[in-house]
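As structure tokens, the structure follows; a few thoughts come after it.
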Amino acid sequence: MQAIDKSKPVMVTGGSGYIAGWIVKYLLEEGVTVRATVRDTGLPEKVAHLNRLAESLPGKLRLFAADLLNPGAFEQAMQGCELVMHTASPFLLKGGKDPRSTFIRPALEGTRNVLAAVNAVSTVKRVVLTSSAAAIYGDLADGDAFTEEHWNTTSSETHQPYNYSKAIAEKEAWKINRSQDRWDLITINPTMVFGPALTKTTASGSVALMKQFGDGTARFGVPDFAMGMVDVRDVARAHIQAGFTPEASGRHILSAGEFQLLEIGRILKEHFGDRYPFPKKTAPKFLVYLLAPLLGTTRAFVKKNVGYRARFDNTYSIKDLNLTYRPLKETVIDHFQQLIDDGLVPKK
Ligand code: NAP
């Protein structure tokens, strides 16, 4: 149990990210001093939204350059912080040909490097790690009701490498945490995150996937794929609650419920009408299976995920973090509207 002094700076890794943007915003709203690390401080477009927030909100913001693969890069920004939020880790829809360098090294070595800095900086009392439901399960075929008791044991470097990267990074974090008793660890394990971004430049798979609802990718139908989903603003709130609630502890699945991709299409069509090529039907599994390589996925993924139904138990997040969840309809409409407003899908 750790009480965090809000007058001390809070460090957020991966400050330029989709989820991190909202965390930084909420911290600045509360008047907190934020030390945000970004991979490259020489890219003004990546941090313009953060600087704008800092101009109008009571908290103060300082940016630091830190690459996840650079041991020692995080120590300077961490000096004097009691609370560290480690969000940085690649989440891309397409992993490319080398999942080890795309996902696994930044997730695992990044976690080791950040936590080595935590061990070296004596002021730190608590770490909130942005893990994922991907650390809980690998494929929907793995079970039908997931809780914080579950661990992903089915992903590997070749099958679901992103999920694998999150599972091994979170396991490593708990191992490092158990080897000392000064700082405690809390993990946030969101299911698929949607909702408006504060930045136009994120590579987050969440934004890439929502864009596909407007660019025609899904016009002939979507797979019968049902995911847990949660609003990015609720995910950020969960980090704040985890950071500042002394008695909070453990892992937290975040999910507002389970929804099919077609449901997102229905919500968008109902609100935005026929201006965009929203999906109207589900594509048959055999077709999705055959076309998988062309769709940027694998047949193994389709086999073990399409057509399955699983529940993600959010009970503990509500109890331990006092969370309330926004309805999916609001999340989806706000997200698509932001893409239109920011010119990421054409205005029609
Ligand atoms: P995002 O916008 O792409 O954020 C990822 C952040 O990681 C970016 O700030 C990125 O920096 C940083 N990063 C990547 N590689 C790095 C490196 N080598 N060195 C330093 N920084 C690096 O994606 P997000 O959706 O907000 O994801 C944030 C966290 O949430 C991740 O840990 C992800 O696994 C987790 N998560 C996401 C979802 C979801 O549905 N979005 C669900 C569950 C968990 P650059 O801007 O320089 O690339």
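The C-beta contact set for region 288-302 (first residue under 17 Å from L209 (Cβ atoms) and assigned to a helix (DSSP H, G or I), second residue among the aliphatic types (A, V, I, L, M) and open to solvent by 90 Å² or more (accessible area, probe 1.4 Å), distance under 8 angstrom, 6+ apart or interchain) comprises V288/L295. Can you tell me which residue within region 96-130, out of those that are out of contact with any strand residue (DSSP E or B) (no Cβ under 6 Å at 6 or more places or on another chain) and outside any helix (DSSP H, G or I), is surrounded by the fewest Cβ atoms within 10 Å (Cβ to Cβ)? Per the criteria, the residue is K97. Residue count for region 1-40, restricted to those that are more than 16 Å from the ligand (Cβ to nearest atom), modelled with pLDDT of 95 or more and open to solvent by 10 Å² or more (accessible area, probe 1.4 Å): 10. The set of residues in region 200-215 that are out of contact with any Phe, Trp or Tyr (no Cβ under 7 Å at 6 or more places or on another chain) and near the ligand (Cβ under 8 Å from one of its atoms) comprises T201, A203. Comparison of L50, L93, L68, L61 shows that the only residue that is surrounded by 14 or more Cβ atoms within 10 Å (Cβ to Cβ) and part of a helix (DSSP H, G or I) is L50.
Does region 269-277 contain any residue that is closer than 19 Å to D231 by Cα and either open to solvent by 70 Å² or more (accessible area, probe 1.4 Å) or modelled with pLDDT of 95 or more (or both)? The answer is yes; a qualifying residue exists. Taking the criterion of being of a type in the set (K, R) and part of a loop (DSSP other than H, G, I, E, B), the residues of region 264-281 that qualify are K280, K281. Close Cβ contacts (under 6 Å, 6 or more residues apart or on different chains) running from residues in region 323-337 that are under 14 Å from V235 (Cβ atoms) to residues that are assigned to a helix (DSSP H, G or I) and of a type in the set (A, V, I, L, M) comprise L323/A238; H335/M210.
Every residue, every condition in (1) under 17 Å from Q160 (Cβ atoms); (2) over 23 Å from the mean Cα position of the chain (by Cα); (3) surrounded by fewer than 17 Cβ atoms within 10 Å (Cβ to Cβ), yes or no:
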position	(1), (2), (3)
K285	no, yes, yes
L294	no, yes, yes
F301	yes, no, no
V306	yes, no, no
R311	no, no, yes
T315	no, no, yes
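Output the residues belonging to region 66-92 that are within 19 Å of the chain's Cα centre (by Cα), over 19 Å from A238 (Cβ atoms) and more than 8 Å from the ligand (Cβ to nearest atom). Answer for region 66-92, where residues must be within 19 Å of the chain's Cα centre (by Cα), over 19 Å from A238 (Cβ atoms) and more than 8 Å from the ligand (Cβ to nearest atom): there is none.
Scan region 38-73 for residues that are more than 28 Å from R100 (Cβ to Cβ) and aromatic (F, W, Y) and report the count.
Final tally of qualifying residues: 0.
Does T217 satisfy being under 23 Å from I23 (Cβ atoms) and either within 17 Å of the chain's Cα centre (by Cα) or modelled with pLDDT under 95 (or both)? When the stated conditions are applied, T217 does not pass them. Can you find, within region 149-174, the residue that is surrounded by the most Cβ atoms within 10 Å (Cβ to Cβ) among those that are farther than 28 Å from I318 by Cβ and more than 16 Å from the ligand (Cβ to nearest atom)? Applying the filter and picking the extreme gives H159. If the condition is being open to solvent by less than 30 Å² (accessible area, probe 1.4 Å) and either within 30 Å of T298 (Cα to Cα) or touching a Lys or Arg at 6+ places or on another chain (Cβ under 9 Å) (or both), then region 71-84 contributes A77, M78, G80, C81, E82, L83, V84.
The C-beta contact set for region 192-217 (first residue open to solvent by 10 Å² or more (accessible area, probe 1.4 Å), second residue of a type in the set (D, E, K, R) and more than 10 Å from the ligand (Cβ to nearest atom), distance under 6 angstrom, 6+ apart or interchain) comprises P196/D334; K200/D342; T201/E45. Among the residues of region 34-76, the ones that are among the hydroxyl-bearing types (S, T, Y) and closer than 23 Å to G110 by Cα come to 2 in all. When each of G243, G257, G343 is tested for being open to solvent by 50 Å² or more (accessible area, probe 1.4 Å) and small (G, A, S), the lone residue that passes is G343.
Scanning region 227-240 for residues that are more than 13 Å from the ligand (Cβ to nearest atom) and open to solvent by 10 Å² or more (accessible area, probe 1.4 Å) turns up just one, R237.
The values are calculated or read from the model by the stated rules, or taken from the named source; none is laboratory data. Treat the numbers as computed from the prediction; the structure is a model and nothing was measured. Don't worry about glycine lacking a Cβ; one is built from the backbone with ideal geometry, like all the others, and counts go over all protein chains shown. Ligands, DNA and RNA are stripped out before the accessible areas are found, and what is left, the full protein with its side chains, is counted by its heavy atoms. Shrake-Rupley method; radii C 1.70, N 1.55, O 1.52, S 1.80 Å.
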